[in-house]
Amino acid sequence: MQHRLSQSSFYEKCPRLVTHLTALGKVPPNVNLSSQLIHLVRLRASQLNHCGFCQKMHADEARADGESQSRLDVLPAWKELSVFTENERAALAWTEALTRISEVDITDEAYQTALDAFGEDGLIELTAIIVQINSWNRIAVSFRFQPDVTK
């Protein structure tokens, strides 16, 4: 595997992108998106995008914030299991729709379910988080950022 630009070099050479993507993921306090839900969304998008770096980081962050390993283990099968709340299911469906936008149309049903769960402001903020993680995934995958798997 050919060496590519390291994470630290990328951050050093393009700080504006790091700053803007980080800001995009900051949820205003008046929006009801829990950190647990945000972790699930970021992890699921990273799974879909095959971003090992982000999967490791977001799984670690989710566990540190109290998420159970058993729910993380079955996240790819969220549609089949009852361990995820209705709001989490709506967020995960919206995440998959936006992440796979080039493959599948976003249905009115997916939109309405997400809108009903989060309201307009919440849906906009959820969309911003999904846009953010999809952008980070593309950066990490293209430059082959490597996670520290010794932790």
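So residue 72 ticks every box in (1) under 30 Å from residue 108 (Cβ atoms); (2) of a type in the set (A, V, I, L, M, F, W, C); (3) in contact (Cβ under 8 Å) with a residue 12 or more places away in the chain but one. Which box is left unticked?
Looking at each condition in turn, residue 72 falls short on (1).
Tally up the residues in the stretch 1-10 that are loosely packed, with under 13 Cβ neighbours inside 10 Å and either among the hydrophobic types (A, V, I, L, M, F, W, C) or not in a loop (DSSP other than H, G, I, E, B) (or both), please.
3
Do the conditions hold for residue 134, that is, is it touching a residue at least 60 places away in the same chain (Cβ under 8 Å) and in a loop (DSSP other than H, G, I, E, B)?
Taking the combined requirement at face value, the residue does not satisfy it.
For the stretch 83-114, what are the residues that are farther than 16 Å from residue 131 by Cβ, assigned to a loop (DSSP other than H, G, I, E, B) and without any contact (Cβ under 8 Å) to a residue 24 or more places away in the chain?
Residues satisfying the conditions are 83, 85, 103, 104, 105, 107.
Restricting the first residue to the stretch 10-28 and requiring it to be within 16 Å of residue 41 (Cβ to Cβ), which pairs with a second residue that is outside any helix (DSSP H, G or I) meet a Cβ separation below 6 Å and a spacing of at least six or different chains?
Taking only residues 6 or more apart or on different chains, the pairs are 27/33.
FYI, it's all coordinate maths here, none of it is from the lab. Predicted, not measured: the structure shown is a model, and the values here were computed from it. Note that each Cβ is placed from the backbone with ideal geometry, even for glycine, and that neighbours are counted across all protein chains shown.
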